[in-house]
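Below is one structure, written out as structure tokens, with a few remarks after it.
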Amino acid sequence: MSAAKNIGGPTVRDDVRPAFTGVDDVWSRLKQTGYLADDATSTTAFLADRLGKPLLVEGPAGVGKTELARALAQATGSELVRLQCYEGIDEARALYEWNHAKQILAIQAAGHRDWDATKGDIFSEEFLLARPLLTAISRTEPTVLLIDEIDKADVDIEGLLLEVLSDFAITIPEMGTVTAVRRPIVLLTSNANRELSEALKRRCLYLYIDFPDAQLEREILASRVPELPARLAEEIVRIVGVLRTLDIKKKPSVAETIDWGNTLLAMTAGADVASGRIDDSLVARTLGVVLKHRPDVKTALRELKLGDR
């Protein structure tokens with residue numbers, strides 16, 4: 001942890017260093033990475049960068065929330081540091097923990113040394129295991145911190161984030177406070193499985209990403225599967241749009257639309273696909289690319305009148 005030398009000593013934080021010159025610059029540089037952003041996404045990402053505020057991105061699973069963080073990291077030449085949240089995640093996994101085995105060995109090696117002297121040695125950077133939040137705060141190079149699926153974590157974990165997101169600092173009782181010398185761009189994602197605290201929301205800008213409209217999804221598909229004929233891409237997007245209106249457990253994500261495009265392109269290799277028509281049997285046989293639950297597949301077969309094949 002290269003910047004951990006700042007622990008316990010005077011730290012001068014740099015001003016926020018904007019990575020983008022404007023909203024158009026965000027859109028253009030994200031596009032170069034393959035991420036096609038709408039106006040709201042480009043604008044909010046620009047403001048998060050310019051104001052130095054975390055960005056809370058909410059929306060259904062599979063609409064590109066995590067991919068936005070990856071694209072921002074690539075567009076700004078930053079390292080992506082990811083904290084994947086889950087039920088039961090605690091401070092040791094999010095912030096830091098001590099290497100207890102190494103500390104015990106150091107105590108044994110110290111013999112009968114004075115405890116105060118020994119304590120000063122074992123509670124030092126050498127014995128500190130930095131987890132994603134401390135890693136991101138400590139870095140002096142450009143960094144994008146992704147706190148992914150925050151809604152899956154227990155409410156208590158939000159309290160741990162407040163100091164980080166307010167002051168870009170982490171207090172380690174045995175050593176002092178680590179304060180960022182270069183603020184990371186911070187994205188939190190949520191599938192809205194639970195309501196987040198108002199205290200956390202106040203510290204963030206907010207962006208809701210929904211499934212793209214048909215035109216944008218066709219553009220995404222054309223960007224990711226350029227060999228796919230336009231009419232076939234249009235038909236894929238149309239069918240995926242219908243699937244998302246059904247009462248199913250997991251609606252197809254944009255990534256699954258892309259996977260289906262690659263699948264159908266491979267399945268129809270050498271055939272005349274310029275017409276854009278997809279044979280019903282081919283749709284039925286490949287539904288498992290876009291739907292991942294058996295009841296969802298059965299619902300789609302029934303509603304699309306494809307028969308249970």
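When the Cα atoms of the range 47-107 are aligned to their principal axes, the ranges along those axes come out at 49, 28, 20 Å in descending order. Given in Å, the Rg to one decimal and the Dmax to the nearest whole number for the Cα atoms of the range 137-197 are 12.8, 37.
For Asp154, the residues whose amide H sits under 5 Å from its own are Gly88, Ile89, ignoring neighbours fewer than 5 places away on the same chain, with H placed 1.01 Å from N. Applying D = kT/(6 pi eta Rh) to the range 127-274, where Rh is the Kirkwood radius over alpha-carbon pairs, T corresponds to 20 °C and eta to 1.002 mPa s, the Stokes-Einstein value obtained is 114 µm²/s.
Pairs to check: Lys65/Lys201; Lys65/Lys292; Lys53/Lys250; Lys31/Lys152. Give those whose C-alpha atoms are more than 22 Å from each other in this structure. Checking Cα-Cα distances, Lys53/Lys250; Lys31/Lys152 exceed 22 Å. Residues whose amide H lies under 5 Å from that of Gly62, counting only those 5 or more places away or on a different chain, are absent; hydrogens are built 1.01 Å from N in the peptide plane. So what is the relative contact order of the chain, in percent, for Cα pairs below 8 Å that sit 6 or more residues apart? Computed over the chain, the figure is 22 percent. Nonpolar atom fraction for the chain, defined as the carbon and sulfur part of the 1.4 Å probe accessible area, stands at 49 percent. Summing Cβ point charges (Lys, Arg +1; Asp, Glu -1) relative to the Cα centre of the range 19-61 gives a dipole of roughly 140 debye. Let me check I've understood the local charge: for Phe20, count other residues with C-beta under 15 angstrom from its C-beta, Lys and Arg +1, Asp and Glu -1. What total comes out? Residues near Phe20 contribute +2 overall. Taken per residue, the accessible surface of the chain reaches 50 Å², heavy atoms only and a 1.4 Å probe. Solvent-accessible surface (1.4 Å probe) assigned to Thr43 amounts to roughly 50 Å².
Think of the chain as having a plus end and a minus end, set by charges on the Cβ of Lys, Arg, Asp and Glu; of Pro226, Ile172, Thr43, Pro226 sits farthest toward the positive end of this dipole. Of the residues Leu80, Gly64, Val23, the one whose Cα sits farthest toward the positive end of the charge dipole of the chain, with +1 on the Cβ of Lys and Arg and -1 on the Cβ of Asp and Glu, is Gly64. Simple rule: put +1 on each Lys or Arg Cβ and -1 on each Asp or Glu Cβ in the chain, find the dipole, and look at Ile258, Ile185, Val155; the Cα lying farthest toward the positive end is Ile258. In µm²/s, what is D for the range 178-231 at 4 °C and 1.567 mPa s, where D = kT/(6 pi eta Rh) by Stokes-Einstein and Rh is the Kirkwood radius from Cα pairs? Diffusion coefficient, whole number: 85 µm²/s. If only the Cβ of Lys and Arg carry +1 and only the Cβ of Asp and Glu carry -1, the dipole of the chain around its Cα centre is close to 540 debye.
The values are calculated or read from the model by the stated rules, or taken from the named source; none is laboratory data. Owing to the predicted nature of the structure, the values given are computational and were not obtained by experimental measurement. We place every Cβ from the backbone using ideal geometry, glycine too, and count neighbours over all the protein chains shown. Note: areas computed on protein heavy atoms with side chains; ligands, DNA, RNA excluded. Shrake-Rupley method; radii C 1.70, N 1.55, O 1.52, S 1.80 Å.
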